[in-house]
Amino acid sequence: MTAYPETLMNALRAEPGLKLSDRATKAPAWWPSDAPQDKREAAERMKELGTLLSDLQERLFASALQEDSKDSVLLILQGMDTSGKGGVVRHVMGMLDPQGVQHFAFKTPSAQERAHDFLWRVEKQLPAAGLIGVFDRSHYEDVLIHRVQKLSTEQQVEARYPKIVDFEARLVAQKIHPLKVMLHISRDEQYARLSERLERPDKFWKYAVSDVEDRALWEQYQLAYEIAIERTNTADAPWYVIPADQKWRARLCVAELLLATLQEINPQWPAAKFDVAAEKLRLEATR
């Protein structure tokens, strides 16, 4: 295993007073010298990560059979349109066993969901013990879109930040390990990706007319992200800001963060609930 993962994680972690304009979206100067430097090297490392993640995921899944084991992981993906959330789900989570992954993409809330507190629908989708949950967008939309689009009052939005902090503290207490990722894409790269969607019939389904409307509010969204990250960046539930202009780099970063999270949990194989020696004899008798 290379030495760079810890250096990479420290560089990705959001710092107090984060300014997204100061964060590189492509080929960061701080990128570790012993980390993959191009697509080819990243592909080789992803193969290694696939093996490591698969083993740890199976151990996590199996560990849930133990009464005192309640660990799960919750990967929270946020980012502007075209930032690559879907690609991360396909290429990173796609390396895992589907039965151990729980994916949910939050859309515009229904009338029933709007009748409840904004965290109500989120609580219903939390991963059970042994699973790796993925939120494609999340409860953070209620302080991002709602702040920019003024779908809630300023007072309502402000009241949600401490609720989110409390909610995520409860997750940690329940051994649901949050991994909060912002895919940080540049305005120019978003333009290129939206343009491609308008040129390719197989990409039309990904395009929404609201994408251009949101793009016109780029600076407001960047500020909303900075505020949300600043208000909810805690020691137990930190934010990671990932350069997302290069898809291979963004996916590699998420995979490394997921690996580090699972290694920290260090799930153990459950002990046999039967007499192993006796079962070997019983099996042998059936030859």
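The values are calculated or read from the model by the stated rules, or taken from the named source; none is laboratory data. Predicted, not measured: the structure shown is a model, and the values here were computed from it. Counting neighbours? That spans all protein chains shown, and the Cβs are built from the backbone with ideal geometry, glycine included. Just the protein is used for accessible areas: all its heavy atoms, side chains included, with ligands, DNA and RNA removed. Shrake-Rupley method; radii C 1.70, N 1.55, O 1.52, S 1.80 Å.
Subtract the Cα-Cα distance of Asp22 and Glu199 from 0.36 nm times their separation in residues, and report this length gain in nm to one decimal.
Values: separation 177, 0.36 × 177 = 63.72 nm, distance 3.17 nm.
The span from Asp22 to Glu199 would gain 60.5 nm if fully extended.
Rg/Rh for segment 28-175: what does it come to with C-alpha atoms and Rh from Kirkwood? Walk me through the intermediate numbers first.
Working: Rg = 18.0 Å, Rh = 17.6 Å.
Across segment 28-175, the Cα-based Rg/Rh ratio is 1.02.
Suppose every K and R has +1 on its Cβ and every D and E has -1 on its Cβ; what is the size of the dipole of the chain about the Cα centre, in Debye to the nearest 20? If you can, show how the numbers build up before the last one.
On the way: 39 positive and 43 negative charges, 119 e Å.
Dipole of the chain, to the nearest 20 debye: 560 debye.
Between their Cα atoms, which of Lys85/Lys107; Lys85/Lys180; Lys19/Lys180; Lys39/Lys180; Lys26/Lys180 are more than 22 Å away from each other?
Check vs 22 Å cut-off fails for Lys39/Lys180.
At what distance in nm do the modelled label points of Val165 and Arg287 sit from each other, each positioned 7 Å from its Cα along Cα→Cβ?
6.5 nm
Given H placed on each backbone N at 1.01 Å, which residues far from Gln37 in sequence or on other chains put an amide H within less than 5 Å of it?
Ala42
What are the ³J(HN,Hα) values, in whole Hz, obtained from phi via the Karplus relation 6.51 cos²θ - 1.76 cosθ + 1.60 with θ = phi - 60°, for each residue of segment 117-124 in sequence order, with x given for Gly and Pro?
4, 4, 8, 4, 6, 6, 4, 6
Provide the gained length on full extension for the span Ala271 to Val172, in nm with one decimal, where the gain is 0.36 nm per separating residue minus the Cα-Cα distance. If you can, show how the numbers build up before the last one.
Working: separation 99, 0.36 × 99 = 35.64 nm, distance 2.53 nm.
Using 0.36 nm per residue and subtracting the Cα-Cα distance, I get 33.1 nm.
Rounded to the nearest 10 Å², what accessible area does Thr7 show when all protein chains are kept and the probe is 1.4 Å?
Around 80 Å² of this residue is reachable by solvent.
According to a simple spin-label model (label point 7 Å from Cα along Cα-to-Cβ), what is the distance in nm between Glu44 and Trp31?
Output for this residue pair reads 1.6 nm.
Go through Tyr191, Tyr140, Tyr240, Tyr207 and list them by solvent-accessible area, largest first, probe radius 1.4 Å.
Values: Tyr191 140, Tyr140 0, Tyr240 25, Tyr207 60 Å².
Result, largest first: Tyr191, Tyr207, Tyr240, Tyr140.
Just check segment 144-189 against the gyration tensor rule for me: Cα atoms, a ≥ b ≥ c as the square roots of the eigenvalues, rounded for a/c under 1.5, and otherwise prolate or oblate depending on whether a/b exceeds b/c. Mind dumping the intermediate values first?
Working: a/c = 4.48, a/b = 1.21, b/c = 3.69.
Oblate, because a/c is 1.5 or more while a/b does not exceed b/c.
Where does each of Arg282, Arg193 land when they are ordered by accessible area, with a 1.4 Å probe and the largest first?
Details: Arg282 150, Arg193 15 Å².
Order by accessible area, largest first: Arg282, Arg193.
For segment 74-83, what does the Karplus curve 6.51 cos²θ - 1.76 cosθ + 1.60, with θ = phi - 60°, yield as ³J(HN,Hα) per residue in whole Hz, taken in order and with x for Gly and Pro?
10, 8, 9, 9, 10, x, 5, 3, 6, 6
Using only the heavy atoms of the protein chains and a 1.4 Å probe, how would Asp81, Asp166 rank by accessible area, largest first? Mind dumping the intermediate values first?
On the way: Asp81 30, Asp166 95 Å².
Accessible-area ranking of Asp81, Asp166, largest first: Asp166, Asp81.
Bins of 10 Å, beginning at zero and ending with the bin holding the largest distance: percent of Cα pairs per bin for segment 196-287, please.
For segment 196-287, the binned pair fractions read 11, 19, 26, 16, 11, 10, 8, 0 percent.
Taking just the alpha carbons, could you work out the radius of gyration and Dmax for segment 1-57, both in angstroms?
Over segment 1-57's Cα set, Rg and Dmax evaluate to 13.5, 38 Å.
Collect residues whose amide H, placed 1.01 Å from N in the peptide plane, falls under 5 Å from the amide H of Gly79; neighbours closer than 5 in sequence don't count.
It is Leu183, by chain and number.
Could you give log10 I(q)/I(0) at q = 0.09 Å⁻¹ for the chain, computed by the Debye formula over C-alpha point scatterers of equal weight, without solvent?
Log-scaled intensity ratios, in q order: -0.47.
Ignoring everything except DSSP H segments at least 4 long, calculate the 222 nm mean residue ellipticity for the chain; use -39,500 (n - 2.57) per segment, divide by total residues, nearest 500.
Working: 12 runs with 139 residues, N = 287.
So the calculated ellipticity at 222 nm is -15000 deg cm²/dmol.
So for the pair Thr51, Tyr191, with labels modelled 7 Å out along Cα→Cβ, what separation do we get in nm?
Taking the simple label geometry, Thr51 and Tyr191 are separated by 4.4 nm.
What ³J(HN,Hα) values, in whole Hz, does the Karplus curve 6.51 cos²θ - 1.76 cosθ + 1.60 give for segment 14-23 when θ = phi - 60°, with x put for Gly and Pro?
Per residue, the Karplus-derived 3J(HN,Hα) values read 5, 9, x, x, 3, 10, 4, 5, 8, 9 Hz.
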